[in-house]
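Scroll down for the structure; my scribbles are underneath it.
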Amino acid sequence: MKTLKTQVAIIGAGPSGLLLGQLLHNAGIDTLILERQTPDYVRGRIRAGVLEQGMVELLRQAGVGQRMDAEGLVHGGFELALEGRRVHIDLRAMTGGKTVMIYGQTDVTRDLMAARQIAGAMTIYEAQNVVPHGMKTDEAFVTFEKDGETYRLDCDYIAGCDGFHGVARQSIPAESLKVFERVYPFGWLGILADTPPVHDELVYARHERGFALCSMRSATRTRYYLQVPADEQVENWSDQRFWDELKCRLPGALAESLVTGPSIEKSIAPLRSFVAEPMQYGRMFLVGDAAHIVPPTGAKGLNLAASDVSTLFNILLKVYREGRVDLLEKYSEVCLRRVWKAERFSWWMTSMLHRFDDHDAFSQRITESELAYFVDSEAGRKTIAENYVGLPYEAIE
């Protein structure tokens, strides 16, 4: 068995692992990232595209914001289409000038991968049978296999950035975790197309036939979603059927201006809310989807991962520079305060905008009334806006 050594071992080369690695590398803290997939697979994942202001600033802090600032689309608001009625949520006006950035997760990942390569920091792709060990001891390490060889990676700390199905959370004894979960009875059918956006801001549509979202990746590439049953098959949806259904769920003026075209990618994503507590087991820290999942309605998944990264980075910075090991045990507590607020907002947006077949007439009226209260009240719109742009990151003292 060959032995390697680093200060922070990072499992997972998605955006959270890469961002944590870049921040630590820039601070002079050694990292090694293990990823079970190939670089092309990681680069090819199609995911979120709405970045909170906090994540935008964190990417700039990591030195990887140049292309984002040049090509990303700054949005100062978004639109709710409620059974044909259109309501504008003015983010800038409601939050003291805060905005969001439209910049795809694929592009974030590419930028971070390029920066890590330029920095000469090590990422081992196609690492098999990755297993964390000794998390509750002073000698944490990770074993893995690569090209038929077995390796031992000695480290001070382990960051589990390997997603919902990754090994990090699964390596924690079940009795040490408390899991909270809600699985929704529908999914999102999404397509990517090289067509101009139907509107200059995102549109979240509530309709009796189900939810729809008009999103974008750039001024020439769009991402559209439809609520479909959880057991729906993507093969049942031709491009034409998708476009026809989307037009049905949009207000007339938007439907008429919708530009259609062949899909580049088409997939169905299930929706769930999930939190595992605590987000730490000894010297291993769970980051992002490894610890929590939100339905995408509130655009919080990638952004929550970024806030976890910020918290862990700032704690480790104080550990290595000031010897503040007392801060390590605060990681989960700090992260979960923000996680649960984002879970609440994502659940609320999902509950307000989707069609639930099991809702009785009373529940339906209550939902309509609550949504009407929020959009017709300045205080309500402000609550939506401040959650959408992202709640502030908690300082590490």
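The values are calculated or read from the model by the stated rules, or taken from the named source; none is laboratory data. Just so it is clear, the model here is predicted, and its values are computed rather than measured. Heads up, the Cβs are rebuilt from the backbone with ideal geometry, glycines too, and the neighbour counts pull from every protein chain shown.
For the reader, a short list of remarks on this structure follows.
- Contact annotation: residue pairs with Cβ atoms under 6 Å, 6 or more positions apart or on different chains, pairing a residue in segment 31-45 that is at negative phi and hydrophobic (A, V, I, L, M, F, W, C) with a partner that is in a loop (DSSP other than H, G, I, E, B) and surrounded by 15 or more Cβ atoms within 10 Å (Cβ to Cβ), are Leu32/Thr6; Ile33/Ala13; Leu34/Ala127; Val42/Ala13.
- Flag for Leu371 being more than 29 Å from Leu24 (Cβ to Cβ), in a strand (DSSP E or B) and out of contact with any His (no Cβ under 8 Å at 6 or more places or on another chain): no
- The set of residues from segment 132-162 being acidic (Asp, Glu) and crowded, with 18+ Cβ neighbours inside 10 Å comprises Asp156, Asp162.
- Subset of segment 318-332 [surrounded by 14 or more Cβ atoms within 10 Å (Cβ to Cβ) and assigned to a helix (DSSP H, G or I)]: Lys318, Val319, Tyr320, Leu327, Leu328, Lys330, Tyr331, Ser332
- Test result for Arg116, surrounded by fewer than 20 Cβ atoms within 10 Å (Cβ to Cβ) and either among the charged types (D, E, K, R) or in contact with a helix residue (DSSP H, G or I) (Cβ under 7 Å, 6 or more places away or on another chain) (or both): no
- Helices (runs of 4 or more DSSP H) wholly inside segment 86-184 containing at least 1 residues that are modelled with pLDDT under 95: 105-119
- Residue selected from segment 288-297 under the condition assigned to a helix (DSSP H, G or I) and within 10 Å of the chain's Cα centre (by Cα), by the criterion nearest to Glu329 (Cα to Cα): Gly288
- Residue-level analysis places Tyr331 among those that are of a type in the set (Phe, Trp, Tyr) and either in contact with a Lys or Arg (Cβ under 8 Å, 6 or more places away or on another chain) or more than 22 Å from Ala205 (Cβ to Cβ) (or both).
- Of all residues in segment 194-238 being aliphatic (A, V, I, L, M) and more than 26 Å from Ile293 (Cα to Cα), the one that is surrounded by the most Cβ atoms within 10 Å (Cβ to Cβ): Val198
- Residues satisfying the stated conditions in segment 252-265, i.e. modelled with pLDDT under 95 and in a strand (DSSP E or B): Ile264, Glu265
- Residue match in segment 337-346 (condition: within 17 Å of Pro270 (Cα to Cα), polar (S, T, N, Q), modelled with pLDDT of 95 or more and in contact with a strand residue (DSSP E or B) (Cβ under 9 Å, 6 or more places away or on another chain)): yes
- Single match in Phe274, Phe313, Phe285 (criterion: assigned to a strand (DSSP E or B) and either crowded, with 22+ Cβ neighbours inside 10 Å or of a type in the set (Asp, Glu) (or both)): Phe285
- Test: residue in segment 301-322 that is modelled with pLDDT under 95 and either of a type in the set (Gly, Ala, Ser) or touching a Phe, Trp or Tyr at 6+ places or on another chain (Cβ under 9 Å) (or both): yes
- Qualifying positions in segment 328-344 - in contact with a Leu (Cβ under 9 Å, 6 or more places away or on another chain) and of a type outside the set (Val, Ile, Thr): Leu328, Tyr331, Ser332, Cys335, Arg338, Lys341, Ala342, Glu343
- Restricting segment 46-84 to residues that are of a type in the set (Asp, Glu) and without any contact (Cβ under 8 Å) to a residue 24 or more places away in the chain, the residue that is surrounded by the most Cβ atoms within 10 Å (Cβ to Cβ): Glu57
- Considering (1) within 21 Å of Ala81 (Cβ to Cβ); (2) touching a residue at least 60 places away in the same chain (Cβ under 8 Å); (3) touching a strand residue (DSSP E or B) at 6+ places or on another chain (Cβ under 8 Å); (4) not aliphatic (A, V, I, L, M), the lone condition that Glu208 does not fulfil carries the number (3).
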